[in-house]
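Trainee: Quick one: the structure is below, questions incoming.
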Amino acid sequence: MNYVKMFLINIILTGSLFAGNEMMPDKIVAIRTEENIKIDGRLNEKIWKENDGITYFKQGTPNEGNNPTQESIVYVAYDSDNLYVAAQLFDTSPDSIMAYLGRRDESVDTDLFGVFIDPYHDKRSGFYFGLSAAGAYYDGILYNDDWDDESWDGVWEGKSAINDKGWSAEIKIPFSQLRFKESDTYIWGINFRRDIKRNQEEDYLVYRPKKESGFVSRFVDLVGLNNISSGTNIELLPYVRGKSEHLHTEKGNPFNDGSRQLFGFGADIKMGLSSNITLDGTINPDFGQVEVDPAVVNLSDFETFFSEKRPFFIEGASIMEFGYGGSTSNWGFNWGNPQFFYSRRIGRRPAGPLPDSVHFSDVPEGTSILAAGKITGKIGNNWNIGVLSAVTQREYADIEYDRGKRGEAEVEPLTSFSVVRAQKEFDESRHGIGFISTLTARDFKNNDLRNYMNSEAYAFGLDGWTFLDKEKIWVISGWMGYSSVHGSRQQITSLQESSLHRYHRPDFEFDKLDSSRTSLNGYAGRLAINKQKGNWMFNSALGVIHPGFDVNDLGFMWQTNKINGHFAGGYRWTEPGDLFRKVTVLGSLFGTKDFDGNTTWAGVWYNISMQFLNYYWFEFGGAVNPQTTDINLTRGGPKTLNSPGYELFFWSSSDTRNDVVAELNGFTYLTESGSQEYNLELSLNWKPAHNITLTVSPGLSWNYPDVQWVDAFDDTQAGKTYGRRYVFAEMRQKTFSSSFRINWTFSPEISLQLYTQPLISSADYFNYKFLDRSNSRSFTKFGESNSTISYREKEYTADPDGDGPAEVISWDDPDFTITSLRANAVFRWEYNPGSTLYFVWTQSRFGYEDNGAIRFQKPFPDRFLNQQPDNIFLVKFTYWWALR
């Protein structure tokens, strides 16, 4: 009997060792060491061999709450300067470990280990550091309890190694890379994650349930830290850059024969003003980006948004986010929050015009940034702060007039940009309040520029949240803002007439164009309620943007004159069944009015997504929209009507563990008046080796609007459209685009990235017509009802009433075919931690034809390769120094 008991006890103990301790530890004690720890991923040091590790893990996915399929042991140690985390990740089949190597922070399906740290112990924010089984680095910051931002790149060390027991990892994090309040004793938050990719398994020390929210707030306490300091450290990152441009220029251009070389140098500085405040500064910064923007064809009069790619602005960008705190889900239907800070405004291409008589010019590609700096961290009683300031230099264009006369013209004034962001949390983050303030100020030498850009622009906003219950299930969040823009009468008049405001609309009743104004003011805000936990989901919001609200001098927004709201909800099944692993069903009712009370958009929307047991995904949905009012179609003219329509979409994906992963998505929108839009995109990702990924993403779109803007003309006979004749056409636009990307990672420090994007788009305009009357969708086709139209030498001539009194009008043939090819190659070598050498090549080709037909008899590659290329070659060398 005793032998039976011993046998059972042995089985139980073995099972406990494999699955981890039955009770999650209430705290983890970091062990102080004076041992010299070599970061090689092999765990040979005494500190790892002579101390017990943490073995408790639970599955977050796929089988929430179950014991892991493999054992893990994690150790935490520290000395005066660094935190060390080591892990032995056992695997009963070491040859099955998915050890794919990718660039830093690249999303690759691989086994990995990560540590999450909350040094402030505010249960809202923190850092994460991770290693793949092949040694690739992952790091970033945590914020808003559930969100993360991979743009932050710390300077730390880590190595992993595969062995006959599985694989192991060692991570060394300097305290100088973390931010925390100095104290005699420290309590931080900590969590661990292990991915076993062949099982699609994610194991955590403490996981977030699938039907709940909150991640950082669940961390286990890390104790035992003492006599540590981040110090008043200084990090220097000087750079040297060489750039060679070989561009296609106009014949006879005296300023650029197509080839020139540029050199630059400067330095970034990071200084720890205290253990929880960081100053980032830059002298003669290099704000060039090494990745190209995608090519787009924009036929509207609204601005295109491009993501930031410059390292100085990317790092820590989440600190400046406004209006999203508290709630982990922010839904929007025909709504986009104004972005108070859009960093691409700093260093933009000069916006000032050139004199009409100029024959040749050399305009800077971007505005030079003289200096920029930012301060981030925590101050006082738990205030999170971010302050950014930048000054851009006065820019001139070299110009040549008649008979070789030369001069220069100011095209961008000296400009100062400032942003201040602060946020405070209360009662274990149950409540929060914050503000943001932005300022743009321009100093003009050329007073003519005052008529083309604002002199000053101010914006201020308040945001916050409050949970309504102890369990943090329901949260109300919101924000409000005010803007004030100042400038000359001509500039403010132009601003009122811009696509963002359209004060000159003849039937706009809420406000009118005022040419005597020297400022434009407005307000905006939104209030939302969200259910954070449970199978049932609910979200509702009400937002408003005054017609005069404008943050575009230092922010980004694409809409005003809007009162928008929605009710949305759904249900999610998170437990695997006979066919699905998870299913989510969502739906909403939404609507938008303008300040005149017109309903400008409304509808019913639904979405169903499901993951099958084999880890394939399928998602589909749609929307139905009734007839609404359109205040933008005539681009400042009278309102018209949107025809009722409906939308259908789908998305599907195969198992991401496979060597070849496919995604397919499609979209269509159809209206009763005959407009049609179709989009189809396929993405194929192939991993031919553990360190190479190839991705190709071809896409096709067909855009067939029954009413496409052409032009507008003064016509005293057009009384029903307020004295203007608004001309439109039907259009057939076809676009093919694709992206090809190769990521070849030679080691965790050395990588090569190749990218190319061909695009061809053609548009054929036909059946020209004019708007009959405002507040309608009634048009008269030219050539009918006594009207006439003729075509000669790429120009249309039309008479709206034949022999009647209306004047004859004419416009150029708007048909087009555009071809574009953009390519980019980046070789990156981090030869020392924080120090990098770049070799970059960028090529662009562009072609234009004044016809609207893609002529397939012409060899398709020739459309791109026959275009004159622009080539840029760049070498950049940086070196990281740490001074304490």
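The values are calculated or read from the model by the stated rules, or taken from the named source; none is laboratory data. All values derive from a computational prediction rather than experimental measurement. Methodologically, a virtual Cβ is constructed for each residue, glycine included, from the backbone with ideal geometry; neighbour enumeration extends over all protein chains shown. Side chains are part of the model used for accessible areas, which takes the heavy atoms of the whole protein and leaves out ligands, DNA and RNA. Shrake-Rupley method; radii C 1.70, N 1.55, O 1.52, S 1.80 Å.
Trainee: Looking at Ser125, Ser151, Ser160, Ser217 in this structure, which one is open to solvent by 10 Å² or more (accessible area, probe 1.4 Å), among the polar types (S, T, N, Q), modelled with pLDDT of 90 or more and touching a helix residue (DSSP H, G or I) at 6+ places or on another chain (Cβ under 7 Å)? Step through it out loud before you land on a result.
Mentor: Values: Ser151 fails: modelled with pLDDT of 90 or more; Ser160 fails: touching a helix residue (DSSP H, G or I) at 6+ places or on another chain (Cβ under 7 Å); Ser217 fails: touching a helix residue (DSSP H, G or I) at 6+ places or on another chain (Cβ under 7 Å).
Being open to solvent by 10 Å² or more (accessible area, probe 1.4 Å), among the polar types (S, T, N, Q), modelled with pLDDT of 90 or more and touching a helix residue (DSSP H, G or I) at 6+ places or on another chain (Cβ under 7 Å) holds for just one of Ser125, Ser151, Ser160, Ser217, which is Ser125.
Trainee: Does region 308-318 contain at least one residue that is modelled with pLDDT of 85 or more and aliphatic (A, V, I, L, M)?
Mentor: Here is the first cut: in region 308-318, the ones modelled with pLDDT of 85 or more are none.
Looking for residues that are modelled with pLDDT of 85 or more and aliphatic (A, V, I, L, M), one finds none in region 308-318, hence no.
Trainee: If you don't mind, another one. What are the residues in region 719-748 that are free of Cβ contacts under 8 Å to residues at least 60 places away in the same chain and β-branched (Val, Ile, Thr), if any?
Mentor: Ile742
Trainee: Right, something else. Give the residue, chosen from Asn67, Asn63, that is assigned to a loop (DSSP other than H, G, I, E, B), within 30 Å of Gly577 (Cα to Cα) and in contact with a Pro (Cβ under 8 Å, 6 or more places away or on another chain).
Mentor: On the way: Asn67 fails: in contact with a Pro (Cβ under 8 Å, 6 or more places away or on another chain).
Result: Asn63 is the single residue among Asn67, Asn63 that is assigned to a loop (DSSP other than H, G, I, E, B), within 30 Å of Gly577 (Cα to Cα) and in contact with a Pro (Cβ under 8 Å, 6 or more places away or on another chain).
Trainee: Further, regarding this structure: So, of the residues in region 707-717 that are of a type outside the set (A, V, I, L, M, F, W, C) and crowded, with 19+ Cβ neighbours inside 10 Å, which turns out to be farthest from Tyr765 (Cα to Cα)?
Mentor: Start the filter on region 707-717 by keeping residues that are of a type outside the set (A, V, I, L, M, F, W, C), which leaves 708, 711, 714-717.
Next, from what is left, pick out any that are crowded, with 19+ Cβ neighbours inside 10 Å: 708, 715.
On the way: Gln708: 8, Asp715: 23 Å.
Once the filter is applied, the top-ranked residue is Asp715.
Yes/no matrix, rows are residues, columns are (1) open to solvent by less than 60 Å² (accessible area, probe 1.4 Å); (2) out of contact with any Pro (no Cβ under 8 Å at 6 or more places or on another chain); (3) in a strand (DSSP E or B):
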site: Ser701; (1), (2), (3): yes, yes, yes
site: Arg725; (1), (2), (3): yes, no, yes
site: Leu754; (1), (2), (3): no, yes, yes
site: Pro758; (1), (2), (3): yes, yes, yes
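Trainee: Since Ser738 meets every condition but one in (1) of a type in the set (Gly, Ala, Ser); (2) at pLDDT below 95; (3) buried (at least 18 other Cβ atoms within 10 Å of the Cβ), which condition does it not meet?
Mentor: Ser738 satisfies all of (1) of a type in the set (Gly, Ala, Ser); (2) at pLDDT below 95; (3) buried (at least 18 other Cβ atoms within 10 Å of the Cβ) except (3).
Trainee: Which residues, taken from region 219-255, are in contact with a Phe, Trp or Tyr (Cβ under 9 Å, 6 or more places away or on another chain), within 22 Å of Val875 (Cβ to Cβ) and not β-branched (Val, Ile, Thr)?
Mentor: Passing the criteria: Leu236, Leu237, Pro238, Tyr239, Arg241, Gly242, Lys243, Ser244, Glu245, His246.
Trainee: Name every residue in region 61-78 that is modelled with pLDDT of 95 or more and in contact with a Ser or Thr (Cβ under 9 Å, 6 or more places away or on another chain), in order of residue number.
Mentor: Answer for region 61-78, where residues must be modelled with pLDDT of 95 or more and in contact with a Ser or Thr (Cβ under 9 Å, 6 or more places away or on another chain): Thr69, Gln70, Glu71, Ser72, Ile73, Val74, Ala77, Tyr78.
Trainee: Let me ask something else. Can Pro338 be described as open to solvent by less than 30 Å² (accessible area, probe 1.4 Å), modelled with pLDDT of 85 or more and over 30 Å from Ile399 (Cα atoms)?
Mentor: Values: open to solvent by less than 30 Å² (accessible area, probe 1.4 Å): yes; modelled with pLDDT of 85 or more: yes; over 30 Å from Ile399 (Cα atoms): yes.
The answer is yes for Pro338.
Trainee: Report whether or not Thr584 is part of a strand (DSSP E or B) and touching a residue at least 12 places away in the same chain (Cβ under 8 Å). Working first, answer last.
Mentor: On the way: part of a strand (DSSP E or B): yes; touching a residue at least 12 places away in the same chain (Cβ under 8 Å): yes.
Judged against the criteria, Thr584 is a match.
Trainee: Also, I was wondering about something else. Hey, among Ala568, Ala541, Ala528, Ala524, which residue is touching a residue at least 60 places away in the same chain (Cβ under 8 Å), in a strand (DSSP E or B), farther than 29 Å from Leu641 by Cβ and not acidic (Asp, Glu)? Step through it out loud before you land on a result.
Mentor: Values: Ala568 fails: farther than 29 Å from Leu641 by Cβ; Ala541 fails: farther than 29 Å from Leu641 by Cβ; Ala524 fails: farther than 29 Å from Leu641 by Cβ.
Criteria check complete, one pass: Ala528.
Trainee: Here is a follow-up. How about region 544-558: which of its residues are within 16 Å of Asp596 (Cα to Cα), out of contact with any Pro (no Cβ under 8 Å at 6 or more places or on another chain) and open to solvent by less than 10 Å² (accessible area, probe 1.4 Å)?
Mentor: If the condition is that a residue be within 16 Å of Asp596 (Cα to Cα), out of contact with any Pro (no Cβ under 8 Å at 6 or more places or on another chain) and open to solvent by less than 10 Å² (accessible area, probe 1.4 Å), then Pro547, Gly548 are the ones that fit.
Trainee: Next question, about the same structure. Quick check on my filter: what residues within region 97-141 are closer than 20 Å to Phe175 by Cα, over 23 Å from the mean Cα position of the chain (by Cα) and in a loop (DSSP other than H, G, I, E, B)?
Mentor: Pro119, Tyr120, His121, Asp122, Lys123 - these are the residues of region 97-141 that are closer than 20 Å to Phe175 by Cα, over 23 Å from the mean Cα position of the chain (by Cα) and in a loop (DSSP other than H, G, I, E, B).
Trainee: Here is a follow-up. If you go through region 163-177 one residue at a time, how many are in contact with a strand residue (DSSP E or B) (Cβ under 6 Å, 6 or more places away or on another chain), surrounded by fewer than 22 Cβ atoms within 10 Å (Cβ to Cβ) and either part of a loop (DSSP other than H, G, I, E, B) or β-branched (Val, Ile, Thr) (or both)?
Mentor: Residues in region 163-177 being in contact with a strand residue (DSSP E or B) (Cβ under 6 Å, 6 or more places away or on another chain), surrounded by fewer than 22 Cβ atoms within 10 Å (Cβ to Cβ) and either part of a loop (DSSP other than H, G, I, E, B) or β-branched (Val, Ile, Thr) (or both): 1 in total.
Trainee: Oh, and also: Please go through region 178-205 and give me each residue that is of a type outside the set (Ser, Thr, Tyr), more than 30 Å from Asp95 (Cβ to Cβ) and open to solvent by 20 Å² or more (accessible area, probe 1.4 Å), ordered by number. Please lay out each step first, then the result.
Mentor: So in region 178-205, the residues of a type outside the set (Ser, Thr, Tyr) come out as 178-182, 184, 187-203, 205.
Checking the rest, the ones that are also more than 30 Å from Asp95 (Cβ to Cβ) come to 178-182, 184, 187-190.
Correct list: Arg179, Lys181, Glu182, Asp184, Ile187.
Trainee: Is region 379-399 home to any residue that is touching a Phe, Trp or Tyr at 6+ places or on another chain (Cβ under 6 Å), closer than 30 Å to Ser217 by Cβ and open to solvent by 30 Å² or more (accessible area, probe 1.4 Å)?
Mentor: No, every residue in region 379-399 fails to be touching a Phe, Trp or Tyr at 6+ places or on another chain (Cβ under 6 Å), closer than 30 Å to Ser217 by Cβ and open to solvent by 30 Å² or more (accessible area, probe 1.4 Å).
Trainee: Determine, yes or no, whether Ser673 is within 27 Å of Thr780 (Cβ to Cβ), at pLDDT 95 or above, open to solvent by 30 Å² or more (accessible area, probe 1.4 Å) and hydroxyl-bearing (Ser, Thr, Tyr).
Mentor: Details: within 27 Å of Thr780 (Cβ to Cβ): yes; at pLDDT 95 or above: yes; open to solvent by 30 Å² or more (accessible area, probe 1.4 Å): yes; hydroxyl-bearing (Ser, Thr, Tyr): yes.
Here the answer is yes, as Ser673 does meet what is asked.
Trainee: Among what's in region 341-369 and is of a type in the set (A, V, I, L, M), over 14 Å from Val419 (Cα atoms) and in contact (Cβ under 8 Å) with a residue 60 or more places away in the chain, pick the residue that is surrounded by the most Cβ atoms within 10 Å (Cβ to Cβ).
Mentor: Residues of region 341-369 that are of a type in the set (A, V, I, L, M), as a first pass: 346, 351, 354, 358, 363, 369.
With over 14 Å from Val419 (Cα atoms) added as a condition, the list becomes 351, 354, 358, 363, 369.
This time we only want the ones that are in contact (Cβ under 8 Å) with a residue 60 or more places away in the chain, so: 351, 369.
Working: Ala351: 13, Ile369: 22.
Looking at residues that are of a type in the set (A, V, I, L, M), over 14 Å from Val419 (Cα atoms) and in contact (Cβ under 8 Å) with a residue 60 or more places away in the chain, I get Ile369.
Trainee: Which of (1) under 21 Å from Leu586 (Cβ atoms); (2) surrounded by fewer than 16 Cβ atoms within 10 Å (Cβ to Cβ) does Asp659 not meet, given it meets every other one?
Mentor: With (1) under 21 Å from Leu586 (Cβ atoms); (2) surrounded by fewer than 16 Cβ atoms within 10 Å (Cβ to Cβ) applied to Asp659, the lone miss is (1).
Trainee: May I ask you to list the residues in region 325-339 that are under 19 Å from Ile473 (Cβ atoms) and not β-branched (Val, Ile, Thr)? Show your work before the answer.
Mentor: Step one: of region 325-339, the residues under 19 Å from Ile473 (Cβ atoms) are 325-331.
Within region 325-339, Gly325, Gly326, Ser327, Ser329, Asn330, Trp331 qualify.
Trainee: Follow-up. Looking only at region 467-491, count how many residues are in contact with a Lys or Arg (Cβ under 7 Å, 6 or more places away or on another chain) and part of a strand (DSSP E or B).
Mentor: Selection size over region 467-491: 4.
Trainee: Quick test for you: out of Ile117, Ile141, Ile73, pick the one residue that is more than 27 Å from Phe313 (Cα to Cα) and touching a strand residue (DSSP E or B) at 6+ places or on another chain (Cβ under 6 Å).
Mentor: Working: Ile117 fails: more than 27 Å from Phe313 (Cα to Cα); Ile141 fails: more than 27 Å from Phe313 (Cα to Cα).
After applying the criteria, what remains is Ile73.
Trainee: If you don't mind, another one. Restricting attention to region 368-401, which residues are farther than 26 Å from Asn144 by Cβ and assigned to a loop (DSSP other than H, G, I, E, B)?
Mentor: Residues satisfying the conditions are Ser368, Gln393, Arg394, Tyr401.
Trainee: Answer yes or no as to whether Glu365 is part of a loop (DSSP other than H, G, I, E, B) and under 26 Å from the mean Cα position of the chain (by Cα). If you could, list the steps in order and put the result at the bottom.
Mentor: Details: part of a loop (DSSP other than H, G, I, E, B): yes; under 26 Å from the mean Cα position of the chain (by Cα): yes.
Answer is yes for this residue.
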